[in-house]
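Below is one structure, written out as structure tokens; comments come after it.
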Amino acid sequence: MALRPLSKSALYTRCRLSGFPFRTTSDLKPHVGVLGQERAVEALRFGTRIKRDGYNLFVHGPEGTGRHTTVREYLKRAAQDEDVPPDWVVLNNFEDAQKPLAVELLPGRGGELREDMSNLIEELKTAIPAAFDSEDYRARRQALDEEFKEKQEHAFEELAEKAKKKSVALVRTPVGLALAPMKDGEVISPEAFQGLREEDRGRFESDIEVLQHELQATVRQIPEWDKDRRNRIRELNRDVTAFAVGHMIEALKERYKEFSRIVAYLEAVSTDITDNVDVFLADHQAQMQAQTQSPPGQPGLPGNPLPQLQASMAFRRYEINLLVDNSADGGAPVIYEDNPTFANLIGRVEHIAEMGALVTDFGLIRAGALHRANGGYLIIDAVKLLTQPYAYEGLKRALDSRMVRIESLGQALSLVSTVSLEPEPVPLDVKVILTGEPRIYYLLSVLDPEFNDLFKVSVDYGWDMDRSGEGSIAYARLIAGLAAKDELRPFDRRAVARLIEHSARIADDAEKLSLRMGRVTDVMREADFWASENGRRVVTAADVQHAIDARVHRVDRLRERSQEQITRGTVLIDTDGERVGQINGLAVISLGDFSFGRPNRITARVRMGRGQVVDIEREVDLGGPLHSKGVLILSGFLSARYALDRPLSLSASLVFEQSYGGVDGDSASSAELYALLSALSALSLRQSLAVTGSVNQQGGVQAIGGVNEKIEGFFDICRERGLTGDQGVLIPGSNVKHLMLRQDVVDACGAGKFRIFPVTTIDEGIELLTGRRAGVRGRNGEFGANTVNRLVEDRLRSLADDLSAFGRRDGESRS
């Protein structure tokens with residue numbers, strides 16, 4: 001029974017408008033959530049709810065399925081019902097400035113603490129100078145100074161009185177105090193002193209020497225007295241400062257009494273302010289000088305900004321570095337890190353230029369994405385993460401230790417030994433969601449032994465869903481939601497039907513709908529544009545078709561050039577007549593998101609040999625492993641079907657003519673077998689038919705990919721040369737369900753100008769190509785006379801006999 005071509009209805013599965021109870025998408029309730037990804041949503045729900053170590057998620061699926069967008073939207077909805085995580089502040093460590101403190105506060109309290117400390121310092125800038133400018137302080141300070149002065153003067157007066165009794169004067173000179181002899185109450189000159197009697201001079205010298213020792217002892221006591229004075233002044237200053245600061249600090253301690261570390265910090269602030277009160281006094285003095293009319297900017301004169309700058313830098317020690325502020329969040333944070341470098345994930349310590357050098361302090365510590373997402377969710381693109389140096393290792397270390405340590409990459413790798421800040425690590429409680437393609441997920445699973453311990457939840461996004469009545473309605477609601485989200489015009493139901501049909505074409509399956517919504521959404525936007533160009537308020541099927549055709553036209557220049565080479569005879573492809581050992585195979589060329597079919601001439605030649613089928617493409621390293629596998633299957637098919645009583649004794653060569661690039665895939669293996677059978681049987685093959693499909697060792701024709709593009713590629717060549725009604729394509733029967741052909745191809749097939757044959761076995765195909773029965777083995781073990789298989793078997797037996805005879809003659813000649 002001759003194989004019949006497919007009917008028109010089998011070539012394109014249309015949407016039934018009767019199943020769409022709406023006029024436009026504005027009548028539909030938009031679909032909420034993820035469509036057709038039940039497995040992924042279940043895994044996502046499980047991964048976000050389980051609170052165990054290592055249950056981070058890896059979301060993988062084809063590009064354009066909306067995995068990133070849908071995951072982000074799902075997490076935002078889920079995060080709204082979760083607790084708001086705490087704020088984190090970084091504080092100066094007054095005991096060791098190299099190790100700043102990291103303190104946890106309730107949400108919103110971090111900003112309050114920063115504001116309270118800022119207000120405290122501003123108030124103290126006024127309160128402390130005012131306290132030191134009070135009458136009470138001045139009186140107490142003056143009393144201490146006068147006490148010191150009186151003590152000093154009293155000591156010198158006692159010494160002077162004692163010296164006077166011995167006729168020695170205590171005099172002040174430009175270089176200090178000195179002792180000199182007196183006579184009659186007057187200091188005598190050196191000449192007069194030399195004129196005194198020897199015993200008088202000796203007495204004076206002895207007295208002066210004794211007094212000199214007492215003077216030196218008194219002078220040595222002065223620094224001790226001054227030190228005591230300074231200590232007492234310091235204690236006075238501390239008392240005054242404590243009086244000015246104490247009630248303010250106590251008020252803050254009461255306000256933050258539930259945070260023990262903040263209370264301890266405020267006590268340290270109070271102590272430090274008391275020890276460094278001069279900073280506040282210097283700032284006040286600088287402010288007063290700035291108000292004078294002296295020329296600004298001159299060192300040492302009023303108006304010089306240097307003292308103010310120094311004071312401002314000194315006040316930074318009392319500031320609050322609000323590392324993470326969750327005051328504005330209404331639930332757990334959902335953070336997407338677009339640039340996941342090591343520093344952007346872990347945090348960093350910045351530096352500023354000061355006096356020609358780079359300096360840093362606790363206030364220049366910046367949070368990373370892990371800090372901001374702490375207590376919530378962090379989404380990272382896996383490829384971006386893996387391409388940043390050491391970012392993946394830094395992330396794994398943080399997840400494994402459940403701590404975030406802010407350090408530079410040089411510190412982490414022990415490449416530098418300079419002194420830097422070592423902030424306290426922050427405890428980490430975050431769900432990390434990596435997104436990427438499946439190959440990234442599986443490579444990490446195999447190559448990284450730590451990956452499966454840290455990312456235990458696989459969220460697998462599929463690329464299609466079943467095309468059923470309910471599925472089509474759900475897809476229409478999804479289209480309605482996308483149109484509303486992008487503020488597009490409503491789509492009428494014929495436009496929706498055309499989008500669903502186009503989705504099936506994208507999925508390469510008439511029974512499936514593509515979930516690569518990026519491509520569908522692009523068509524919707526462009527259809528909306530063409531509707532606006534045509535002045536329509538509703539997008540129609542014509543607008544959708546215009547958008548599809550325009551998208552193809554923008555990218556099909558290379559397809560046109562490829563077809564032009566064939567129609568002009570540069571690339572040799574026959575579409576009529578018959579040839580022995582020659583057939584039209586079909587290949588798919590992919591250029592980004594655009595693919596097109598292209599016919600290739602395949603030829604076969606046979607002669608006597610040792611049972612080898614030579615793949616010329618493989619011999620010159622142009623054939624891929626899958627293509628080579630397909631060719632090797634041909635040898636298995638021939639040896640198992642024909643001349644079972646003789647060894648396979650042929651040498652055959654197969655080649656893609658005028659192919660100058662790599663060839664891979666096994667979709668041409670059936671065409672290669674047809675060419676080989678033609679060469680063995682010497683039967684001509686119809687060149688009006690093209691062939692695609694892989695073959696197994698039993699002679700079954702198997703499904704291949706890109707069936708629509710392959711059919712359309714050969715159809716376009718035939719149309720250019722003129723459709724005769726004898727042209728067509730042989731496809732695997734298992735590919736019929738994948739057909740969603742262009743309308744012009746469907747119409748030509750409906751008019752009988754082009755035909756598509758579903759083939760399930762090599763025998764069916766060879767009968768179509770040769771017009772002769774394939775033949776089956778009879779009871780006598782032989783194929784029917786003049787059948788294709790009989791001719792092939794006879795030729796193989798002849799080659800085996802010839803090889804045997806040749807071997808005998810060669811042996812006799814040698815002997």
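The values are calculated or read from the model by the stated rules, or taken from the named source; none is laboratory data. Predicted model, so just to flag it, every value in this text is computed and none were measured. Note that we place each Cβ from the backbone using ideal geometry, even for glycine, and neighbour counts take in every protein chain shown. Ligands, DNA and RNA are excluded from the accessible area calculation, which covers all protein heavy atoms including side chains. Shrake-Rupley method; radii C 1.70, N 1.55, O 1.52, S 1.80 Å.
Observations
- Per-residue [θ]222 nm for the chain (sum of -39500 (n - 2.57) over DSSP H runs n ≥ 4, rounded to 500): -15500 deg cm²/dmol
- Potential extension, Asp744-Thr360 segment - 0.36 nm per residue separation minus Cα distance: 131.1 nm
- The protection proxy used here, the mean number of other Cβ atoms lying within 10 Å of each residue, ranks peptides 232-238, 496-502 as follows, highest first: 496-502, 232-238.
- If you look at the Cα atoms of the stretch 676-737, you get an Rg and a Dmax of 13.3, 37 Å.
- Share of alpha-carbon pairs per 5 Å distance bin for the stretch 655-769, given as whole %: 2, 11, 22, 23, 21, 14, 5, 1
- Projected onto their three principal axes, the Cα atoms of the stretch 419-551 cover extents of 68, 37, 27 Å, largest first.
- Binned Cα-Cα distances of the stretch 322-472, short to long, each 5 Å bin given as a whole percent: 2, 8, 16, 19, 17, 13, 9, 7, 4, 2, 1, 1, 1, 0, 0
- Here Lys166 is the anchor, and the lysines within straight C-alpha reach of less than 28 Å, apart from those fewer than 8 places off in the same chain, are Lys149, Lys151, Lys183.
- Couplings 3J(HN,Hα) for the stretch 129-142, derived from phi with the Karplus relation 6.51 cos²θ - 1.76 cosθ + 1.60 (θ = phi - 60°), are x, 5, 5, 7, 9, 6, 5, 4, 5, 4, 5, 5, 5, 5 Hz, where x marks Gly and Pro.
- In this simple spin-label approximation, Arg203 and Lys485 carry label points 7 Å from Cα along the Cα→Cβ vector, and these lie 11.7 nm apart.
- Centre-to-centre, using Cα atoms only, the stretch 1-70 and the stretch 563-577 are separated by 41 Å.
- As a rough guide to protection, the peptides 689-700, 208-219 ranked by mean Cβ packing within 10 Å, highest first, stand as 689-700, 208-219.
- Across the stretch 368-384, rounded Karplus estimates of 3J(HN,Hα) from the backbone phi angles (6.51 cos²θ - 1.76 cosθ + 1.60, θ = phi - 60°) give x, 4, 5, 5, 5, 8, 4, x, x, 10, 10, 9, 9, 6, 4, 5, 4 Hz, Gly and Pro being marked x.
- 3J(HN,Hα) along the stretch 702-711: 10, 5, 9, x, x, 5, 5, 5, 5, 4 Hz, from the Karplus curve 6.51 cos²θ - 1.76 cosθ + 1.60 with θ = phi - 60°, whole Hz, x for Gly and Pro.
- Thr570/Asn534 FRET efficiency (R0 35 Å; Cβ-Cβ; nearest 0.05): 0.30
- The Rg/Rh ratio of the stretch 1-76, with Rg taken over Cα atoms and Rh as the Kirkwood radius over Cα pairs, comes to 1.21.
- Fraction of beta bridges assigned by DSSP in the chain that are antiparallel (%, nearest 5): 60
- Compared with the dominant Cα axis of the chain, that is its longest principal axis, helix 469-485 is turned about 40°.
- Cα-based Rg / Dmax (Å) for the stretch 561-804: 17.6, 57
- Å³ per residue enclosed by the Cα convex hull of the stretch 709-815: 184
- Accessible heavy-atom area order of Met313, Met182, highest first, probe of 1.4 Å: Met313, Met182
- Entry comment: accessible area of the chain is 51 Å² per residue, from protein heavy atoms only and a probe of 1.4 Å.
- Convex hull volume of the stretch 114-285 per residue (C-alpha atoms, cubic angstrom): 140
- Simple label model, 7 Å out from Cα along Cβ direction - Arg402 to Phe94, nm: 3.4
- Pairs over the 31 Å Cα-Cα cut-off, from the set Lys125/Lys227; Lys51/Lys384; Lys99/Lys456; Lys227/Lys257; Lys485/Lys710; Lys29/Lys456: Lys99/Lys456; Lys227/Lys257; Lys485/Lys710; Lys29/Lys456.
- Here is the tail figure for the chain: Cα pairs spaced more than 42 Å apart come to 61 percent of all pairs.
- Computed from the Cβ-Cβ distance with R0 of 30 Å, the FRET efficiency linking Glu186 to Glu157 stands at 0.90.
- From most to least packed by mean Cβ count within 10 Å, the peptides 520-528, 137-145 give 520-528, 137-145.
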